[in-house]
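Reviewing the structure listed below.
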Amino acid sequence: MLKDFLKKKKRYATIPSERAKQEVPEGLMTKCPSCRTIMYTKELKNNLHVCDSCGHHFRMTAYERFDSLFDEGSFVEFDKNMIGENPLNFPTYEEKLEADRKKTELNEAIVTGKGTINGYGAVVAVMDPRFRMGSMGSVVGEKIMRAVEQSIEMGVPFILFSASGGARMQEGVLSLMQMAKTSAALEKLSRQGGLFISVMTHPTTGGVSASFASLGDYNFAEPKALIGFAGRRIIEQTIRQELPDDFQTAEFLLKHGQLDRVVSRLEMKELLTTILDIHAS
Amino acid sequence: MASELGFEKPIIELKNKISELRTFTEEKEIDLTDEITKLEKRLQQLERDIYGNLQPWERVQIARHNERPTTLDYIEQLFTDFIEMHGDRLYGDDAAIVGGIAKYKGSPITVIGHQRGKDTKENIRRNFGMPHPEGYRKALRLMKQAEKFKRPIVCFIDTKGAYPGKAAEERGQSEAIARNLLEMAGLTVPVVCIVIGEGGSGGALALGVGNHLHMLENSTYSVISPEGAAALLWKDASLAQKAAESMKITAPDLKELGVIDGIIREVKGGAHRDLVQQSESIDEILHESLTQLSKLTEEELIEQRYQKYKNIGQFTYVNDAIPLNKG
C-alpha cells in the first residue's frame, strides 16, 4: 500500500557500545534528557540541578532545596523523627516505608523546618518525590499542619515546595482527609493574615494539587513541572482523544490562569526575598 | 420492584417460592400453611444472615444501585420550600451538583449535594454526578451565601469523583476543590455532611468539610474507587472486590478510623427499598446534629471543625524518640 510506503519507519536503532559506556564513570557525567548536553554532575549540582544549556530542571532532594534557600546555618528542622504507621494493615506497606527510608535517608516524603531567607524568617516545607512518589499520608499531613501552626505562632510566612503523586493509597481515606486537614491549617493562617507561598515542582498532582498546593496567596511553579488533578492517561481514556503535549505543564497552567508565575529555580531565592521584603514592610 | 443484586439471589428465590405456595394454596384449596410458615421463618433468617452481614463489595454494589435515592430525593423528603439556585457566576451551571435554599422544620437552611441520574439520559445530563470546577464554585457560592445569612448548611455526598476531563483541568479542577476545602474549614455556620452513596475522593471531600460527618450504612467513602485501587496497586482492575476489602471504605470502617461521627442505619436491603423510611432515619440524625451545633458560637464552630480534622491520621516516631519540637 502507498500509505505504508509513506509512513516513516525507523530503520536503525543506535545501541551504545560497551566501550562507550565504560568510558564515563558512573555519576561523574550527566546527560540532560531535554537537550542531550552532557555535563559534569558536580557542576550540575552547583547550578541547583538546572541544565546550563537549556534550563531543564532536574530533580532536587528536599535538603538540597533548603540549602538553596536558607541562609547558612539558619535551618532548624521540625518533627524529623515522625514516621508512618500502617493504619489499614495494608499488605507490604511497612516494608515499602522501610525500604524508602533506607533508600532516601528520609523518614517521610516531606521535610519541614524554619530558617531565614536573606535575613527574612520563614517556615518552609519541602516534599521529596523519591519517598513513595512524594505521596501524602498521615505524616505528610501532620507535618504540614504543624509547620503551618509554627508559622502562625512565629508570625512568619509559610512556604511550601510541593512534589507529589497525590494521596497515599495505602493509608486509604486517612490520606484523603489530610487534604482537609492541611487546608484547614492554611485557612487558619489566612484568617490571621499570614502569608502562604506555594511553589509547585515536578510533579504536583492529585490530592496534593487539589489541596494545599493550590492554596497559596501566590502560586508559583518551576518550568515544565507537571501539575494537574487527574492523570493524563485517565483523561485520555475518559474523553477518548489525545491531549496536547504541553497539557498540565506549568506553562499550560499559567496560560489558563491557574498560576501567578513560572519561576526558574535559579531565580527562586531572589523572588522569594523580594516578596518577603514587600510583606515585611 | 427494585432490581436485584447478585448476592440477594437466595432471598429472592425463597420469596418466589413462598408466593408460589400461597397461590397454590388458594387455587387448589390444599392447606400448606405449615410449610409457608416454615419458609417464612427461613426467609427471615436468610435476610438477617445476608443483610445483617454485608461484605464491603456488597455495600459498594448497594451504594451504586441505580435506584438508590439521590440528593434531590432526600431534599424533597426532608425539607420544605426548596428553591434550587443555579450557576457559579463565573463560567456556567453544573448539573452534577444541585443546591439551593429551603426550610428544615420551619428554619432556613442551605442544602447542596452531588446529583447523579437514575437512568442513562439523566446521567448524561448530570455527567454521572461527576462535577466540573463550576459545580464546586457554585457550591462555594451557596455556602458563602448561607454564611452571610447565618443559616446552617447540609451537604449530601454522592459522587464517583470529580470529573477527569480536559476542560475540567483547564478551568482549574484542583483549585476549585482546594478552595472549597479551605473555605469550608472557615465557615461560621454549622455544616453537616452526609454521605448517601459513593464518596469518591477529592471530588466528594470538596463538599465534605463539616462539623459533623455522617454516612449511610451502605455508603462508601474512599481515596480512590476499588477499581482504581486495584489497577494502581496490583495492575488489575478486576481485583476491585479485594481492593474494596483492603481499602477500608465502608461506614463501619470509617467510624473505626475516627473519620465519621455517625452511621445512619439503612432500611433492610438498602436505602432504595423505602425512601420515606430512610429519610426518617436521616431526619433523626440531622436534627440531632443541627441542634447540637446550634449551641456553638461562630468561633467554636470553626474550632470544633479544626480539631476534628487535626486529629485524623496515624503516625509514630522513630525509636519512640521524643519529638524535637512539639509543633
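Read-outs throughout are calculated quantities, based only on the coordinates presented, and are distinct from any laboratory measurement. Keep in mind that this is a model prediction, so the values were computed, not measured. Neighbour counts are summed over all protein chains in view; Cβ atoms, including those assigned to glycine, are modelled from backbone coordinates with ideal geometry.
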Take the Cα gyration tensor of the stretch A:151-237, multiply each eigenvalue by 5, square-root it, and list the three semi-axes largest first, rounded to whole angstrom. 24, 16, 9
Cα-based Rg and Dmax for chain B, where Dmax is the largest Cα-Cα distance (Å): 22.2, 85
Divide the volume of the convex hull of the Cα atoms of the stretch B:31-167 by its number of residues and quote the answer in cubic angstrom per residue. 171 Å³
Rg [Å, one decimal], Dmax [Å, integer] - the stretch B:91-228, C-alpha atoms: 14.1, 43
Dipole size in debye (nearest 20) for the protein assembly as shown around its Cα centre, Lys and Arg Cβ +1, Asp and Glu Cβ -1? 1780 debye
Checking A:Arg59, A:Arg261, A:Arg233 against a Gaussian network model of chain A (alpha-carbon springs below 10 Å), the top fluctuating residue turns out to be A:Arg233
Please state, rounded to one decimal and in Å, the Kirkwood hydrodynamic radius that the protein assembly as shown gives when every pair of distinct Cα atoms enters the mean of 1/r. 26.2 Å
Which percent of Cα pairs goes in each bin when the distances of chain A are cut into 5 angstrom slices starting at zero? 1, 5, 11, 14, 17, 16, 13, 10, 6, 3, 2, 1, 1, 0, 0
Relative contact order (percent) for chain A, with alpha-carbon contacts under 8 angstrom and 6 or more residues of separation? 13 percent
Would you work out the relative contact order for the stretch A:125-281, in percent, from Cα pairs under 8 angstrom that are 6 or more residues apart? 19 percent
In degrees between 0 and 90, to the nearest 10, how far off the longest principal axis of chain A does helix A:93-104 point, with axes built from Cα atoms? 80 degrees
Taking a ≥ b ≥ c as the square roots of the eigenvalues of the Cα gyration tensor, with a/c under 1.5 meaning rounded and otherwise prolate when a/b exceeds b/c and oblate if not, the stretch B:163-298 is oblate
What Kirkwood radius, in Å to one decimal, follows from the Cα pairs of the stretch A:19-139? 16.7 Å
Treating cross-link reach as a plain straight distance, find the lysines whose alpha-carbon is under 23 Å from the alpha-carbon of B:Lys15, omitting any fewer than eight places away in the same chain. B:Lys28, B:Lys38, B:Lys41, B:Lys268
Determine the shielding of peptide A:87-94 by partner chains: average, over its residues, the number of Cβ atoms on other chains within 10 angstrom of each Cβ. 3
Excluding same-chain residues fewer than 8 positions from A:Lys42, which aspartates and glutamates have a Cα within less than 17 Å of its Cα? A:Glu26, A:Asp52, A:Glu64, A:Asp67
